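Report on the following structure.
Every number in this text was worked out from the coordinates using simple rules, so none of it is lab data. Because the structure is predicted, anything quoted here is derived from the model rather than measured. Cβ atoms come from the backbone with ideal geometry, glycine included; neighbour counts cover every protein chain shown.
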Amino acid sequence: MDGPADTGRTAGTARPVTPGTRPDTADGGGRPPEASAPTRKASAPRSAPVTGTEPGDPDAAEPDRGAEEPAGGLPDRLAAALDDFGRHLALERGRSAHTVRAYLGDVGGLLHHLAGTGRPIEELDLALLREWLAGLRAAGAARSTMARRISAARVFTRWLHRTGVLGTDPSVTLGSPKAHRKLPEVLGAAEAVTALEAAADGDGSPVWLRRRAVVELLYATGVRVGELCGLDVDDVDGERRTVRVLGKGGRERVVPFGGPAADALRRWLDDGRGELVGPRSGAALFLGARGGRLGPSTARRDVHALLAAVGGVVDTGPHGLRHSAATHLLEGGADLRSVQELLGHSALSSTQIYTHVSIERLKAAYNQAHPRA
């Protein structure tokens, strides 16, 4: 997405925070594309983070459901209903483009099943929902997939009921399988130090400086990769060592970072960013090779490239660095509420998965060291 014109602000400056809006932009030159996301300042358009997630992510609200066109092959009436539902999600509920695609993929599957029965949308009932889900189970769908599609169907039928298409909401009595929550893979504290120290040894090129700054900031702050790609230069306060992050749902938070991340950011801003700046750069903190805002896929490649080059360290990817940061904070004595705020979790239950990781580590250490384990 093409970034907005540079505001002229530099790292280390602070500005008042006011609500606003920001336009969608084309992917590739600027911000990650999102629909109807709130902003801090109308004069400096910003975009919400891309919300793509990785397996085992407790922050994952809606994973990617595939690239197939949801409305393809649907009767006109059902295709129109799906389109209207997508507009409702984007415009009225402020969902991101990724989230809208995710919902439409799952609801599109339900509507294809409905079309196969020859029944109109007004006859979408509990029996049909159960029939659709039974087909998914028979096809070997995982519990997590089932839970996700039931969730999407509930949002859709609730909307159909509110708009008068359905007389009642058939999903209110629909059960949902409890998805297995996989414990996130994390680096040990010593492994993290080893990986980040190895990342500090590079050729000094702009791409290497960016990679080092990306890895250091991800681990130091625990931000999501989409949030990192959404940062502007003036979101960084170098003196206070904080970064202002716009997270899911337009929620803003200020996150601290330490000395190594500060050094990596300073070197990137002083010696790297200027070498990549172009007409599409705008105020973006991190830039791609062609001068546009760094995209999440490139940021992920940066992390994988650095971690894969370090012997004896598991390549957990960028979300593994987030998981590792949270786990190490808790193991070091940070309280759960503080970690929740740092990670940008709206619910404490999302943060609590990291306590399970710490307990697993404790049990492993106990079993290895205690004489009567």
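I need ARG280, ARG77 ordered by Cβ neighbour count within 10 Å, fewest first.
Working: ARG280 20, ARG77 13.
Final ranking by Cβ density, sparse to dense: ARG77, ARG280.
Please report THR194, THR327 as a ranked list, fewest other C-beta atoms within 10 angstrom at the top and most at the bottom.
Least to most surrounded, the residues fall as THR194, THR327.
Taking neighbour counts of Cβ atoms within 10 Å as a proxy for exposure, in what order, fewest first, do THR157, THR163 appear?
The order, fewest Cβ neighbours first, is THR163, THR157.
Amide H neighbours of ASP232 under 5 Å, at least 5 residues apart or on other chains, H built in the peptide plane: list them.
LEU285
Along Cα→Cβ, 7 Å out, is where each label goes; now give me the distance between the ones at ALA134 and ARG158 in nm to one decimal.
2.7
Relative contact order for segment 76-173: what percent, with Cα pairs under 8 Å and sequence separation of 6 or more?
On the way: 60 pairs, mean separation 26.2, N = 98.
Computed over segment 76-173, the figure is 27 percent.
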